[in-house]
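The values are calculated or read from the model by the stated rules, or taken from the named source; none is laboratory data. Keep in mind that what you see is a predicted model, and the values were worked out from it rather than measured. Ligands, DNA and RNA are excluded from the accessible area calculation, which covers all protein heavy atoms including side chains. Shrake-Rupley method; radii C 1.70, N 1.55, O 1.52, S 1.80 Å.
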Amino acid sequence: EFHNTLGTSYLELGRPADAQRALEASLRITPDNPRRLWRLGEALNQQDKLPEAVAHLEASLAIAPDLAVAHATLGDVMGKQGREGQALVHYQAAVDADPQLARAHARLGVAYAKQGQFAKAEPHLQQYVAIEPTSPHALTNLGNVLFQLRRAAEAAELLGRALQYDPDYSAAHVSYFQALLAAGKQKEAVAALHAAHAAMPSVAPLAHRLAWMLATSANDDIRNPAEALQVAERLSANAPPNADNLGVLAAAQAANG
């Protein structure tokens, strides 16, 4: 039990190699404990020791076929190995075994989304948000799926909530202004794009989009040629010349006469 607790603590600290050693010591004493086999599989997965991870996770599930966390981790390993179909099977098994396991709903929803099956992804990501309503990751994943389902207003509301919980969450920033634009909220979209650029000034596509909108918008409340030129000049100075950067710089210069 001591070795197991030590290994679990190392896992939570993000020290999988130390966790592996402690869990191996635990399993030398109790070799058929399914949760300890799962934790060792998780430690091996985090070190990308994938064949060893599979062996321990399958051993865990041979003893406890309904151990949801072992199915979820095995799904992760299968995904890393490019075995997407088997990953889906194990994520579904994890959800079936424990409908309250947020991680399983998250993985299954994202797996469906990567395949473009957004309608199948939505209920799992809705459940992920229901279990972890303050998780920026959960809110952003669901927001992105709703955006793909052409429900831009709902997507924007979720992405805005994600940024309330974590103002520096880059994935939410990138999606938020796009959802606002799609919802027809152009002023709010530009404000969100300003916030995204401030949070991630080195991300060139955000700077490019901001400069373009400030230079070319027909809306006087949004158009700001002077700021567009500042953003475009910084973008061109900090990145190798390319057609996109030169094009937005030309648009900003034209807007300034």
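If you average 1/r over every pair of different alpha-carbon atoms in the chain and take one over that average, what Kirkwood value in Å do you get?
Over the chain, the inverse of the mean reciprocal pair distance is 20.8 Å.
Probe radius 1.4 Å, ligands and nucleic acids ignored: give me the carbon and sulfur share of the accessible area of the chain as a rounded percent.
Looking at the chain in its full context, I get 53 percent from C and S.
Kindly express, to the nearest 10 degrees and within the range 0 to 90, the angle between helix 16-29's C-alpha long axis and the longest C-alpha principal axis of the chain.
Relative to the chain, helix 16-29 is tipped by roughly 20 degrees.
Report the relative contact order of region 1-159, percent, no decimals, based on alpha-carbon pairs under 8 angstrom and at least 6 residues apart.
Here the relative contact order equals 12 percent.
Calculate log10 I(q)/I(0) of region 178-246 for q = 0.24, 0.29 Å⁻¹, where I(q) comes from the Debye formula with a single equal point scatterer on each Cα and nothing for solvent.
Result of the Debye calculation: -1.07, -1.36.
Please determine, in degrees from 0 to 90 and to the nearest 10, the orientation of helix 170-182 with respect to the longest principal axis defined by the Cα atoms of the chain, where the helix direction is its Cα long axis.
Roughly 50 degrees, rounded to the nearest 10.
Hey, could you pull the Cα Rg and Dmax for region 46-117, both in Å?
Considering region 46-117 through its Cα atoms, Rg and Dmax are 11.4, 35 Å.
If you roll a 1.4 Å probe over the heavy atoms of the protein chains, what accessible area per residue do you get for the chain, in Å²?
49
Using the alpha carbon gyration tensor of region 2-42, what are the three equivalent-ellipsoid semi-axes (square root of 5 times each eigenvalue), largest first, in whole Å?
After diagonalising the Cα gyration tensor, the semi-axes are 15, 9, 8 Å.
When the convex hull of the Cα atoms of region 116-257 is projected onto a plane and the area is averaged over all directions, what value comes out in nm²?
8.8
Tell me, what is the 1.4 Å probe accessible area of E154, in Å² to the nearest 10?
Answer for E154: close to 90 Å² accessible.
Would you kindly state how much longer the chain becomes between K114 and Q92 on full extension, computed as 0.36 nm times their sequence separation minus their alpha carbon distance, in nm to one decimal?
Separation in residues times 0.36 nm, less the Cα-Cα distance, equals 6.4 nm.
Would you mind giving the three semi-axes, in whole Å and largest first, of the ellipsoid equivalent to region 1-80 according to its Cα gyration tensor?
17, 15, 10
List the equivalent ellipsoid semi-axes of region 29-172 in whole Å, largest first, each obtained as the square root of 5λ for an eigenvalue λ of the Cα gyration tensor.
That gives 30, 15, 13 Å for the three semi-axes.
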